[in-house]
1. Considering E24, E34, which residue is modelled with pLDDT of 95 or more, open to solvent by less than 50 Å² (accessible area, probe 1.4 Å) and under 19 Å from W218 (Cα atoms)?
2. Determine, yes or no, whether E106 is open to solvent by 30 Å² or more (accessible area, probe 1.4 Å) and more than 14 Å from P300 (Cβ to Cβ).
3. Using beta carbons and a limit of 8 Å, which pairs, at least six apart or on different chains, have the first residue in segment 217-241 and under 20 Å from D164 (Cβ atoms) and the second one at pLDDT below 95 and crowded, with 19+ Cβ neighbours inside 10 Å?
4. What pairs can you find where one residue is in segment 266-282 and within 19 Å of S226 (Cβ to Cβ), the other is open to solvent by 80 Å² or more (accessible area, probe 1.4 Å), and their Cβ atoms are less than 8 Å apart, with a gap of 6+ or different chains?
5. With the requirement that a residue be open to solvent by 40 Å² or more (accessible area, probe 1.4 Å) and either in contact with a helix residue (DSSP H, G or I) (Cβ under 8 Å, 6 or more places away or on another chain) or assigned to a strand (DSSP E or B) (or both), what does segment 62-76 give you?
6. Specify which of the listed residues (D207, D160, D151) is part of a strand (DSSP E or B), open to solvent by 30 Å² or more (accessible area, probe 1.4 Å) and either of a type in the set (G, A, S) or touching a strand residue (DSSP E or B) at 6+ places or on another chain (Cβ under 6 Å) (or both).
7. Scan segment 220-270 residue by residue and report those that are in a loop (DSSP other than H, G, I, E, B), in contact with a Leu (Cβ under 9 Å, 6 or more places away or on another chain), among the polar types (S, T, N, Q) and over 20 Å from L170 (Cβ atoms).
8. Quick one: is G193 under 25 Å from V103 (Cβ atoms), surrounded by fewer than 21 Cβ atoms within 10 Å (Cβ to Cβ) and free of Cβ contacts under 8 Å to residues at least 24 places away in the same chain?
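The values are calculated or read from the model by the stated rules, or taken from the named source; none is laboratory data. From a predicted model like this one, the values you see are computed outputs, not experimental measurements. Using ideal geometry, Cβ is built from the backbone for each residue, glycine included, and neighbour counts are taken over all protein chains shown. Surface areas here come from the heavy atoms of the whole protein model, side chains and all, with no ligands, DNA or RNA. Shrake-Rupley method; radii C 1.70, N 1.55, O 1.52, S 1.80 Å.
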Amino acid sequence: MSALGSGGHGAAIACTREQNVLGEGARWDARRDELLRVDIAAGRVYRDRVRDDGSLDPVRAYDVPGTVGALAPVDGDEGWLLAAGRGFVRLGPDGSRRTIAIVAPEGTRMNDGACDPQGRFWAGTLADDHRPGGGVLYRLHGSGRVDVMLDDLTISNGIDWSPDGGTMYLVDSGPRQIRAFAFDGRDGSLSAGRILVESPPDGGTPDGMTVDAGGDLWVAIFDAGSVHHYTPEGTLLEVLPIPARQCTSCAFGGPGLDRLYVTTATEGWSDAERGADRAAGLVYRLEAGATGVPARPFRPDPAWWASIAGARPAEGLGGR
């Protein structure tokens, strides 16, 4: 495989027509065989079915007040766990919302997140002004307890784990870094943090990411119109071009989990700019030559989760 080649995957194909402002959070929900994704800025959650040819059929979209950064399936529940506004929210299939916790301070918002192999939900934040040190990584336990795991971030972004669960990868988009940590699944602790990849200033910004079944990293590169494929050691294997410059996240989906779906954005664009570049802000798919894994579900304590499901509906999510 060429170090900087396209890998012979063929051109990326657009799967949607609606231009997202900040498309993000692509995940495969194995419970329903659906691709999940969000538009952070629009406060919208999308569910899509995948046809045999890889194209997407919309199932439903949900509007959430404020912003929504990430979501995960929930074990024993037909709904989803959201990192939305400044905290955590349950979203029901009927669109109902229940606030779980508001954790982030004013002037910040929830961003990308995912569940670890043990079912704890990790989600990061960024400050509205993107100031260094304004981002935090939170961990939500199945008991409802929330812990601060890292507090020295700028834009906490893509997160995933190695197939053996021994390494956690985290993107901090501010300094354009992909970090790696030794991960202890028993207590969810981190140690031996190191910089795995640091992108040059003119090389775009690492954003959302996923780890395939073989342990390789696939990272959406914002402002570079590409997805980068890395080894677990951080060696760049290939660059996959995408027809939209603001690439934001990627996930393997479809019945065989062998197609890579890539979300894109039009953040900071005017309506005229969006109209002039209709390829921007769409979801793309390509044959990646690898197989992924479904989104890991959040695993709540049943008694605690029942109290959440019976709580009053959310009126605000602590967003701006």
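1. None of the others qualify; the one that does is E24.
2. Answer is yes for this residue.
3. Filtered contacts from segment 217-241: W218/A288; H229/A288.
4. If the second residue must be open to solvent by 80 Å² or more (accessible area, probe 1.4 Å), the pairs left are T266/E273; A280/R245; G281/E18; L282/R17; L282/E18.
5. Within segment 62-76, D63, G76 qualify.
6. D151
7. T266
8. It is true that G193 is under 25 Å from V103 (Cβ atoms), surrounded by fewer than 21 Cβ atoms within 10 Å (Cβ to Cβ) and free of Cβ contacts under 8 Å to residues at least 24 places away in the same chain.
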